[in-house]
Each structure stands twice: as C-alpha cells, then as structure tokens.
1. Place +1 on the Cβ of every Lys and Arg and -1 on the Cβ of every Asp and Glu in the chain, take the dipole about the Cα centre, and give the residue among LEU212, HIS190, SER170 whose Cα lies farthest towards its positive end.
2. Any idea what the relative contact order of the chain is, in percent, if you count C-alpha pairs under 8 Å spaced at least 6 apart?
3. If you look at just the Cα atoms of the chain, how large are its Rg and its Dmax in Å?
4. Only counting other Cβ atoms within 10 Å, I'd like TRP222, TRP202 sorted with the fewest neighbours first.
5. Are there any helices in the chain, counted as whole DSSP H runs, that stretch 18 Å or more along their axis by Cα and score at least -1.0 on average by Kyte-Doolittle, and if so which?
6. Cut-off 10 angstrom, C-alpha nodes, Gaussian network model of the chain. Which of ASN158, ASN79, ASN194 fluctuates the most?
7. Could you size up the charge dipole of the range 105-174 around its Cα centre, putting +1 on the beta carbon of Lys and Arg and -1 on that of Asp and Glu, and report it in debye to the nearest 20?
8. Treating the beta-carbon of each Lys and Arg as +1 and of each Asp and Glu as -1, no other charges, what is the dipole magnitude of the chain about its Cα centre, to the nearest 20 debye?
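Only the coordinates and a few stated rules stand behind these numbers; no lab work does. Since this is a predicted model, take the numbers as computed values, not measurements. Cβ sites come from the backbone with ideal geometry, for glycine too, and all protein chains shown count toward neighbours.
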Amino acid sequence: MINSLDNNYRPSKITKKKNIYILDTNEGKIVVKPNPKIDYNKLYKYLKSRSFSYIPNKIDNERDIFLILEYQEDLSIDNHQKAADLIHLVALLHSKTSYFKTVTTDSYKEIYDNIKNNIDYAKYTYESYYNKFITKKYYNPSSYLFLRNYSLIYNAINYCYNKLDTWYQSIKDKNKERIALIHNNLSLDHLIKNNEEYLISWDNYTFDTPVLDLYTLYKNEWQNIDFKEILNIY
C-alpha cells in the first residue's frame with residue numbers, strides 16, 4: 001500500500017516504525033500512517049480552536065487512506081524530564097477542552113460497585129491461594145514467598161477498600177462531572193520533544209473524564225517514572 005505514494009513523494013528511503021512509515025523525500029522527511037482510525041482534520045481544527053497547537057500538522061488532505069504528517073525529530077532526554085513535560089502538556093489539553101456534564105447519582109454508584117467488585121474478586125483470589133498453601137506441610141519457594149508477604153497483600157486490599165469508600169462519600173451527591181478531550185493512550189513515546197512539543201498517536205482520543213489519561217499513563221509507564229511526582233505536577 002505504501003508503494004502507491006512513490007510517484008508523488010519519490011522517497012529515497014522508507015523506514016517502518018510500529019504502525020507508521022517515515023519517508024525520506026527530496027523535501028524532507030514525512031510520516032505516513034495507513035488506514036487512519038480518526039478524522040484527523042476534525043481533531044486538528046478543534047484543538048486549534050481551543051488554542052492547543054501541540055499536534056503535528058497534516059500536509060496532505062487528498063488521501064483518505066493515508067494520514068500524512070510533518071516529521072518531527074525527537075530529542076533524547078531523561079524519562080523523568082520527559083514525563084514532567086508530558087504531564088504539563090496533558091494538563092493544558094484538559095484545561096483547554098474541559099466542560100461539565102450533568103450526571104445522575106446512579107452513575108457514581110455504578111462506578112463504585114464495579115470497582116468494589118474488582119477488589120472483592122482480588123480479595124477472594126488471594127484468600128483462596130492463602131487457604132490452599134497454608135494447609136501444606138512443606139512449602140515450595142513460591143508458596144513460601146506468598147505466605148510470607150500475604151499480610152502486605154491483605155493490607156493493600158484494605159487500603160483500596162478505604163480509599164474507594166472515601167472517594168464515594170465525597171462524590172455520591174454531586175450531579176456534575178468534568179469532561180475533557182483526552183488522548184486516551186498516553187506514554188512517553190507519544191511525546192515528541194525538540195524546540196517545540198508535540199503529542200502524537202491520537203487514534204484513541206475521546207471525550208471523557210481526564211482521570212483516564214492519568215490512568216493510562218500510569219498503566220504504561222509505572223515502572224519508568226515517579227508517578228507521585230507526576231500527580232503533583234498535574
């Protein structure tokens with residue numbers, strides 16, 4: 001499919017990187033993404049209207065089966081610096097696009113029940129392992145390690161229950177929820193940093209609670225960054 005662009009851009013080199021192609025052309029590098037999932041023009045115009053310009057420019061509007069963007073060189077910087085820059089940009093995105101939506105109290109109760117069910121399942125699973133291992137006369141190394149640290153797991157689960165109850169008590173009577181345009185797939189790889197900053201890979205963007213962006217960033221990068229510091233910056 002990418003070969004159909006040869007006559008127009010005459011690339012001297014094509015580099016595949018995950019689900020995109022980087023083409024070296026006589027006029028410089030471009031980024032090509034086949035079969036884009038989103039209407040990039042719609043997203044771009046909306047973000048520009050909200051004075052959020054940290055998104056690569058589209059340079060070809062004549063091909064629906066390709067998304068063709070300006071190439072931006074990414075500088076190599078420390079993960080913690082990049083995470084701080086990323087969360088600053090995400091906070092700005094949320095601030096520029098947020099609004100409040102009326103919700104019913106049942107909405108929060110549904111969230112509470114779903115999370116509580118997940119915690120209940122985790123508690124039941126770990127209790128089952130504990131009851132299974134504790135009856136054995138001899139422990140293999142993994143069973144011994146689990147039993148030795150079971151109190152930590154038990155305390156962590158109770159901590160989750162307490163935090164969930166605290167959250168629900170603070171939110172259960174509210175009838176408005178903050179909504180914003182969220183990237184919905186944040187990772188350090190999705191920030192390009194040079195003289196400017198760019199958020200890339202918008203395939204999953206949607207309008208929802210900004211907390212989801214923090215959640216996906218934590219899920220993708222918890223081993224690489226100090227997330228407590230990231231929350232403080234946000």
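1. SER170
2. Relative contact order of the chain: 22 percent.
3. Just the Cα atoms of the chain yield Rg and Dmax of 23.3, 74 Å.
4. TRP222, TRP202
5. Both cut-offs are met by 79-97, 150-171.
6. For the chain, modelled as a Gaussian network with Cα springs under 10 Å, the answer is ASN158.
7. The dipole of the range 105-174 has a size of about 420 debye.
8. 640
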